[in-house]
Amino acid sequence: MSILSELKSALSILDVPIETGVFSGIPPDEYLVLTPMTDLFDAFADNKPGYEISEVRISLFTKSNYMQRKSQLTQILLDADFTVTGRWYIGYENDTEYHHYAIDVAKEYKFN
């Protein structure tokens, strides 16, 4: 399983559209965009990686108050065993009228 598929599965309970990279089409009042950031190797033995750490930025775009959704997202992610590595308010976009809030997550996978 990949971090993107696990995120989509965990966040599906929100009933908010989720896309990877960029939102295509006409965006609704609230949506999520998943942006893969890094895939790092960790825990080496005999010059071979034992684990891969995948990191993704979850961007919340909403025209309403982002505070409640931020807390809800964070709790869902922690309950699904993701490591939350950072949370940032990116800003209000005047041209689109969206608040943009980012949550960075990481998950470790055994590397075969």
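The values are calculated or read from the model by the stated rules, or taken from the named source; none is laboratory data. Since this is a predicted model, take the numbers as computed values, not measurements. Neighbour counts are summed over all protein chains in view; Cβ atoms, including those assigned to glycine, are modelled from backbone coordinates with ideal geometry. Quick note on the areas: whole protein, heavy atoms, side chains included, nothing else; ligands and nucleic acids left out. Shrake-Rupley method; radii C 1.70, N 1.55, O 1.52, S 1.80 Å.
Taking region 25-50 as the range and being open to solvent by less than 70 Å² (accessible area, probe 1.4 Å), modelled with pLDDT under 95 and assigned to a loop (DSSP other than H, G, I, E, B) as the test, the residues that pass are GLY25, PRO27.
Note on region 53-112: residues that are of a type in the set (Asp, Glu) and in a helix (DSSP H, G or I) amount to 1.
Take the residues in region 1-24 that are exposed (fewer than 13 other Cβ atoms within 10 Å of the Cβ) and of a type in the set (A, V, I, L, M); name whichever of them is modelled with the lowest pLDDT. Filtering first and then ranking leaves MET1. Considering only residues of region 56-90 that are free of Cβ contacts under 8 Å to residues at least 24 places away in the same chain and either among the hydroxyl-bearing types (Ser, Thr, Tyr) or touching a strand residue (DSSP E or B) at 6+ places or on another chain (Cβ under 6 Å) (or both), which is nearest to PRO17 (Cα to Cα)? Ranking the qualifying residues of region 56-90, first place goes to SER71. Scanning region 2-24 for residues that are on the phi < 0 side of the Ramachandran plot and in a loop (DSSP other than H, G, I, E, B) yields a count of 6.
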